Amino acid sequence: MNQDWRGNLIRRLLLLLGACLLLGLATGQYAWMLVIGLSGYLAWHLKQLLRLHEWLRNRQTNEPPPDSHGLWGEVFDSIYHLQRRDQKARDRLQAVIDRVQESTAALKDAVIMLDRDGNLEWWNLAAEHLLGLKTPQDGGQPITNLVRDPRFSEYLESNNYAEPLELPSPTNDRRRLQFHITQYGNREHLMLVRDVTRINQLEQMRKDFVANVSHELRTPLTVISGYLETLLDNVEQINPRWLRALQQMQQQGGRMQALLNDLLLLAKLEATDYPADNQPVAVDLLLLSIKNDAQALSAERNHRISLEADAAVKLKGSEAELRSAFSNLVFNAVKYTDDEGDIRIRWWGDEQGAHLEVRDSGQGIEAKHLPRLTERFYRVDSSRASNTGGTGLGLAIVKHVLLRHRARLEISSRLGHGSTFTCHFPNTQAVRRGSR
Ligand code: ADP
């Protein structure tokens, strides 16, 4: 094809030169005829070039290029085909974009794209309802200007998005939103926001139900336990056949009371996000009093309980909550360690934060149970647990209290070789003497 056009062009040029020479022969003016012929040829090419230039500058979309013949006709045709192909590709891409936009617009969840600095790049319709984003004014704005909760900024900057974040909606306090963030490309963020108000309400109803039942059961149980105590106080007037039954009733009543107290405590821990009283707690003194209580609990079982605590390291948080978490760990060590066993309590601080370790020389726990220990009512061995009078809620309370104090629980244990429960508190919770 190319060869064809090159040949064609040369042929035409030779034809033109031949015609000019013929005219030159007829008139005797060779040079003039050649000049006139070639100038005409050049003028025609320039005209075509100008038409092309004109069309490129003023062309409307889809307007075909001008008509011509010869080489220029071929050039214009090729440009026209390229233009059609380009248009088709653009139409196809636009159709894909339209479908993606339509489907994301139909989503009930908000989809938001943020650049690497956390500025808004694109969002769907649901984002306008859930977060109150405005199109197009909010484009390019930092997302933290629109979702103003400090927990959100902290979450966005943490770069740790393994767990979603739940917050009230910035447009309506009664709505709860769940934020999922995924990083992609060049540290850009894709954010999905779901309305979890309904799930939250159901969860709240469950919590309220447990809290209300526990609360309502407390009064009748107190009355029954009170009468049992009075009866047992007057042991000499009781038929001896009833004595054992009454003693067992009192023991089980005590267990039920402990269970209700633990359920109420858990309900209270779940009801609020973060302890209201956030004063530095003297953990060494707290542990000393827990150690004394543990010694009393151990009584004639004679455990050797040691305490090593750094008085210079304090902990921001709720003293009552920390007491119940730490005493659960220490009392468990007493309950699940054979008589005269060793229990070591250690409290110290280092560059990672502050740590509490409760180590015992007890029966230990099989590895398969470790991940489930903090579940409510999870017991390694229910017969063993019922002897110890445990409620099965102790470690669930520990987990909740630690979560509220931004700490985590590490459990390591081997069957027959004792267990170690360690609470790791971050530096933000620790207060060191002189650095307050
Ligand atoms: P419980 O009230 O039954 O002690 P927890 O939630 O405190 O409930 O503990 C759950 C289970 O974990 C217990 O039933 C027990 O089997 C096991 N466990 C907890 N602490 C220890 C420990 N120090 N040594 C061995 N087993 C333990």
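The values are calculated or read from the model by the stated rules, or taken from the named source; none is laboratory data. What you are looking at is a predicted structure, and each value in this text was computed from that prediction instead of being measured. Positions of Cβ are backbone-derived with ideal geometry, glycine not excepted, and every protein chain shown enters the neighbour counts. Each accessible area value is taken on the protein alone, full model and side chains, heavy atoms only, with ligands, DNA and RNA left out. Shrake-Rupley method; radii C 1.70, N 1.55, O 1.52, S 1.80 Å.
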Global geometry of the stretch 241-346, whether rounded, prolate or oblate, following the gyration tensor of its Cα atoms and the 1.5 cut on a/c: oblate
4 °C / 1.567 mPa s Stokes-Einstein diffusion coefficient of the stretch 199-271, Kirkwood radius on C-alpha pairs, µm²/s: 93
Reachable aspartates and glutamates, given that their alpha-carbon falls under 13 Å from the alpha-carbon of Lys134 and they are not under 8 places away in the same chain: Glu121
Choice from Thr27, Thr182, Thr222 with maximal GNM fluctuation in the chain (Cα, 10 Å cutoff): Thr27
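Taking each pair of different alpha-carbon atoms in the stretch 39-131 once, compute 1/r for the pair, average those values, and report the inverse of that mean as the Kirkwood hydrodynamic radius in Å to one decimal.
17.3
First check a/c for the stretch 107-195, with a ≥ b ≥ c the square roots of the eigenvalues of its C-alpha gyration tensor; if it is under 1.5, answer rounded, and if not, answer prolate when a/b is larger than b/c or oblate otherwise.
Here the stretch 107-195 falls in the rounded category.
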Net +/- balance of residues flanking Gln250 in space, Cβ distance below 14 Å, scoring K and R +1, D and E -1: 0
Separation between Cα centres of the stretch 330-381 and the stretch 48-79, rounded to whole Å: 85
Rounded to 10°, Cα long-axis angle of helix 30-58 versus longest principal axis of the chain: 30
Nearby lysines by direct alpha-carbon distance to Lys368 (threshold 26 angstrom, same-chain neighbours under 8 apart not counted): Lys335, Lys399
Nearby aspartates and glutamates by direct alpha-carbon distance to Lys47 (threshold 15 angstrom, same-chain neighbours under 8 apart not counted): Asp67
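Give me the percent of the accessible area of the chain that comes from carbon and sulfur atoms, probe 1.4 Å, all protein chains in place.
Carbon plus sulfur share of accessible area: 54 percent.
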Ranked order, Glu236, Glu270 - accessible area, probe 1.4 Å, largest first: Glu236, Glu270
Probe 1.4 Å, accessible area per residue of the chain, Å²: 62
Beta bridge orientation in the chain: antiparallel %, DSSP, nearest 5: 90
The stretch 279-432 - Debye-derived log10 I(q)/I(0), Cα point model, q = 0.11, 0.15, 0.18 Å⁻¹: -0.39, -0.74, -1.08
Degrees, to the nearest 10: 2-27 long Cα axis against longest axis of the chain: 20
Exposure rank, largest accessible area first [Met191, Met33; 1.4 Å]: Met33, Met191
The stretch 265-324 - convex hull of the alpha-carbon atoms, volume per residue in Å³: 84
Ellipticity estimate at 222 nm from DSSP helix runs (n ≥ 4, -39,500 (n - 2.57)) divided over the chain, nearest 500: -18000 deg cm²/dmol
In Å², nearest 10: area of Leu49 left accessible to a 1.4 Å probe: 90
Anisotropy class of the stretch 1-81 from Cα gyration tensor, a/c 1.5 cut: oblate
Whole-number percent relative contact order across the chain, with pairs defined as alpha carbons under 8 Å at least 6 apart: 9
Ordering of 92-99, 204-211 by packing [mean C-beta count within 10 Å, highest first]: 204-211, 92-99
Radius of gyration, Dmax [the chain; alpha carbons; angstrom]: 41.6, 158
